Amino acid sequence: MGVAYNLTCKRCSYNQNVFLGIGFRYMYLTDILEWYEEPIGKERLREFSKDEITKHVCYHGLYLCNECKFLLNAVYLHLESHSDIYTNRYNCPRCSGVMPAKPIDDEIEAVALACPDCGHANLVCRSYMDWD
Ligand SMILES: [Zn+2]
Ligand SMILES: [Zn+2]
């Protein structure tokens, strides 16, 4: 099950809900194919589903932009077969920098996240529900 967090800044009005972890339709490739939207990743999912897949990892993570500290809540997708390997990548919606290959996947309470808007050092992070 995944956990939903609320991130707020003590200094400015930044307020963001973030979903981390996996839902119940994240376990099988056939399920992921049904809801995955981004066209390149979707095409790759189709290719991999024809092949013998050896590993797949899929969850909601929080990508932290190294350049401007923007926080992007998005799906991490990693696929492996005997002949191929694919990891989805994102560009920062704010500065177009390349996001790290891997997002933060849980326990964001333990990470000191800076406010993406004003740079204040510690966002207040509070889990408020489980989601499936
Ligand atoms: Zn702020
Ligand atoms: Zn950025």
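Pull out all pairs, ordered by first then second residue, where Cβ-Cβ is under 8 Å, the residues are six or more apart or on different chains, the first lies in segment 105-123 and is farther than 9 Å from L71 by Cβ and open to solvent by 50 Å² or more (accessible area, probe 1.4 Å), and the second is among the β-branched types (V, I, T) and more than 16 Å from ligand 1 (Cβ to nearest atom).
Pairs that qualify, where the first residue is farther than 9 Å from L71 by Cβ and open to solvent by 50 Å² or more (accessible area, probe 1.4 Å) and the partner is among the β-branched types (V, I, T) and more than 16 Å from ligand 1 (Cβ to nearest atom), are D106/V3; V111/I104.
Would you be able to tell me the number of residues in segment 76-101 that are open to solvent by 50 Å² or more (accessible area, probe 1.4 Å), out of contact with any Leu (no Cβ under 7 Å at 6 or more places or on another chain) and within 16 Å of ligand 2 (Cβ to nearest atom)?
6
Hey, can you tell me all the residues within segment 68-88 that are touching a strand residue (DSSP E or B) at 6+ places or on another chain (Cβ under 9 Å) and more than 17 Å from L20 (Cα to Cα)?
The answer is L79, E80, S81, H82, I85, Y86, T87.
Is it fair to say L71 is touching a residue at least 40 places away in the same chain (Cβ under 8 Å) and in contact with a Pro (Cβ under 7 Å, 6 or more places away or on another chain)?
Taking the combined requirement at face value, the residue satisfies it.
When residues of segment 7-27 are filtered for being under 13 Å from L123 (Cα atoms), more than 16 Å from ligand 2 (Cβ to nearest atom) and open to solvent by 20 Å² or more (accessible area, probe 1.4 Å), how many remain?
Here the count works out to 7.
Condition check ((1) within 16 Å of ligand 1 (Cβ to nearest atom); (2) modelled with pLDDT under 95; (3) closer than 30 Å to R46 by Cα) across all residues:
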| position | (1), (2), (3) |
| --- | --- |
| F70 | yes, no, no |
| A74 | no, no, yes |
| H78 | no, no, yes |
| S83 | no, yes, yes |
| R89 | no, no, yes |
| D105 | no, yes, yes |
| A110 | no, yes, no |
| A121 | yes, yes, no |
| S127 | no, yes, no |
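The values are calculated or read from the model by the stated rules, or taken from the named source; none is laboratory data. The model shown is predicted, which means the values in this text are computed figures rather than measured ones. Cβ: placed from backbone, ideal geometry, glycine included. Neighbour counts: every protein chain shown. These area figures cover heavy atoms from the full protein model, side chains too; ligands, DNA and RNA do not enter into them. Shrake-Rupley method; radii C 1.70, N 1.55, O 1.52, S 1.80 Å.
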